[in-house]
Amino acid sequence: MRLICKNVTIGLPAGIGVLIGTWLLTGIYVVWANKKHDIQVEKIKKKIQ
Amino acid sequence: MILNLCIVQTSLKNINFVSVGMFFIFVFATLYITYRAAKKTKSTSDFYTANRGISGFQNGLALAGNYISAAGFLGITGMVALQGFDGIIYSIGSLVGWPVLLFLIAEPLRNLGKYTFSDVVAYRFRQKPVLIASAIGSLVTIAFYLIIQMVGGGALINKLFGLSYFSSVIIVGSVMTLYVLFGGMLATTWVQIIKAVLLLGGATVIVILSLSHFGYNPVTMIQGAVNRYDISVVSPGSYISDPWEAISLGIALIIGPSGLPHILMRFYTVAHAKAARKSVFVATGFIGYFLILTIIIGYAAMCIVGREVIGAGEDKGGNMAALFLSDTTGGPAFMGFIAAVAFAAILAVVVGLTLSGASTISHDLYVNVIKKGKASDKREVRVARLATLALGILAILLGMLFKNQNVAFMVGITFAVAASANFPALILSIAWRRFSTRGAVYSIITGTVLAVVLIVLSPTVWEELFGFKHALFPLRNPAIISLPASFLAAYIGSVTGREPESAQKYDREKLRTHLGIGAY
């Protein structure tokens, strides 16, 4: 059991980190999808039509 | 000095009239606001198409409102208060399923432009068998979700009015059944948005009031909890000690959100895939913030109110931790307000669930399967009413059966059912060309039946409800067995029952799912 300061285990901040990380992950995906993915999709669409 | 930070105040053993008064004022105010909002939405234009105009941000807030049920709020805070560190797995686990939902399901669902889970799965296949199977999957998931709300609502009325738990559950069940029978559709987007704002606001105020006892420092608060009990409250293994149990619960929590019919429904309401994407980002932000609050509220309840108080009384699951805390830190009027917000939110969820369950029975099963599309509206409504009544009675009975359970724990097994019953069929119908009618039916039936049977054989039901000595299935959460089994059944069914037509349909559907060609 690792303590980061008296009586607070590393699991607590790590858990909150997972929550924040999850949110950031969806954010990164949204930016990537809007900037890169959608442009590629548009290219394929034009090729088909 | 830190010891003194934990003040024990065990007020409210009897009915408090200030709380009860505040409770009624706010329940009626919330119901009135939602009624007005719902009426406004209704008159604008048709329910589904009007919702196509919902913006990504609004839909995100509505998604959050749909997901953070009051019962989940009561359950998670109680779980952290009673179980300490291991309770946090429910806080964290409740969010990790959302990237899965975003990466795999949200945009294809939006592009398909179908309204219900059954429609999406049945699109490529023969309608009748898939409709029956997916109706069974949806109804079982809804039944489990109803248990959660009944246990939460029952414990709430039990604490607030001092009635016995049994009469509390009967009251909640009757109020909800009457509300659906004579009220009708209120579970619209705006109801969910209002609910999200009230719950987020209420939880934020509880946290500020609690942290004011500790100089606004969460670390001091956790040290207070450790001093009051021991180091075990911040160390793992006190509640979920079996690693297989932890993995099984993890699978359920990660996959579960992608199999919840009422969450999936929300993606059909936005204008385009981009908005679907944004709404998940907004929803994860709000839900994540809320879940961080539940951890703080849990520890604050442990430290300020104390486990002896929270776990005592008729509610063994500790579901009332947040209410005890709001009473101690903000007084009886504030507790009445929190109870009212929680109760109104529970009512909104229950009504939405009952309605979707009733429409599954009346529309999918009665009209489309039994009457083959030929039934008058009058008969359909009558069947829907009867279905509502049946669901109400079922909810009351199940709510009584699961009396001593923590609500967050119940969320865990409900997610296992949703993940096993709905997710494999949904993802395979989007992603696998050779998936066939037989595969879909096998998968849904296997997932649903296996998950329910394993829950019945688990320690929770077999030992604690039936009173037998040894549970036949060692894990409390069945996801680790039932989810892979559902995928396997899908594979076996599709390989033995090939369907060239469905593969052809897939080739056309693919352009629409992944590129948005033909989506409106």
Within the range B:111-130, the residues that are part of a helix (DSSP H, G or I), of a type outside the set (S, T, N, Q), touching a residue at least 60 places away in the same chain (Cβ under 8 Å) and surrounded by fewer than 22 Cβ atoms within 10 Å (Cβ to Cβ) are B:Leu112, B:Lys128, B:Pro129
Residue hits (the range A:19-49; at the interface with chain B (Cβ under 9 Å from one of its Cβ atoms) and exposed (fewer than 11 other Cβ atoms within 10 Å of the Cβ)) are A:Ile48, A:Gln49
Going residue by residue through the range B:328-343, is there one that turns out to be within 16 Å of the chain's Cα centre (by Cα), away from every other protein chain (no Cβ under 14 Å) and in a helix (DSSP H, G or I)?
yes
Note down all Cβ pairs under 7 Å where the first residue falls in the range A:34-49 and is free of Cβ contacts under 8 Å to residues at least 60 places away in the same chain and of a type in the set (D, E, K, R), the second is part of a helix (DSSP H, G or I) and surrounded by 13 or more Cβ atoms within 10 Å (Cβ to Cβ), and they're at least six residues apart or on different chains.
A:Lys45/B:Leu515
Leading residue by the ranking (farthest from the chain's Cα centre (by Cα)) among those in the range B:221-245 that are surrounded by fewer than 16 Cβ atoms within 10 Å (Cβ to Cβ) and assigned to a helix (DSSP H, G or I)
B:Ile231
Among the residues in the range B:450-463, are any within 24 Å of the chain's Cα centre (by Cα) and under 20 Å from B:Ser118 (Cβ atoms)?
yes
Quickly run through the range B:305-335 and pick out the residues that are in contact with a Gly (Cβ under 8 Å, 6 or more places away or on another chain), buried (at least 24 other Cβ atoms within 10 Å of the Cβ) and not polar (S, T, N, Q).
B:Ile310, B:Gly317, B:Gly318, B:Met320, B:Ala321, B:Ala322
Yes or no: B:Ile206 buried (at least 23 other Cβ atoms within 10 Å of the Cβ), β-branched (Val, Ile, Thr), modelled with pLDDT of 90 or more and under 30 Å from B:Asp327 (Cβ atoms)?
yes
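Suppose we filter the range B:431-440 for residues that are buried (at least 24 other Cβ atoms within 10 Å of the Cβ) and among the hydrophobic types (A, V, I, L, M, F, W, C); how many remain? Show your work before the answer.
Of all residues in the range B:431-440, those buried (at least 24 other Cβ atoms within 10 Å of the Cβ) come to B:435-436, B:439-440.
Retained after the next criterion (residues that are among the hydrophobic types (A, V, I, L, M, F, W, C)): B:435, B:440.
Qualifying residue count for the region: 2.
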From the option list B:Thr446, B:Thr513, single residue qualifying as of a type in the set (S, T, N, Q) and more than 14 Å from chain A (Cβ to nearest Cβ) is B:Thr446
Where B:Arg498 falls short, out of the listed (1) in a helix (DSSP H, G or I); (2) within 18 Å of B:Ile444 (Cα to Cα):
(1)
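The values are calculated or read from the model by the stated rules, or taken from the named source; none is laboratory data. Because the structure is a prediction, the values reported are computed rather than measured. Here the Cβ is made from the backbone with ideal geometry for all residues, glycine too, and neighbour counts use every protein chain on show.
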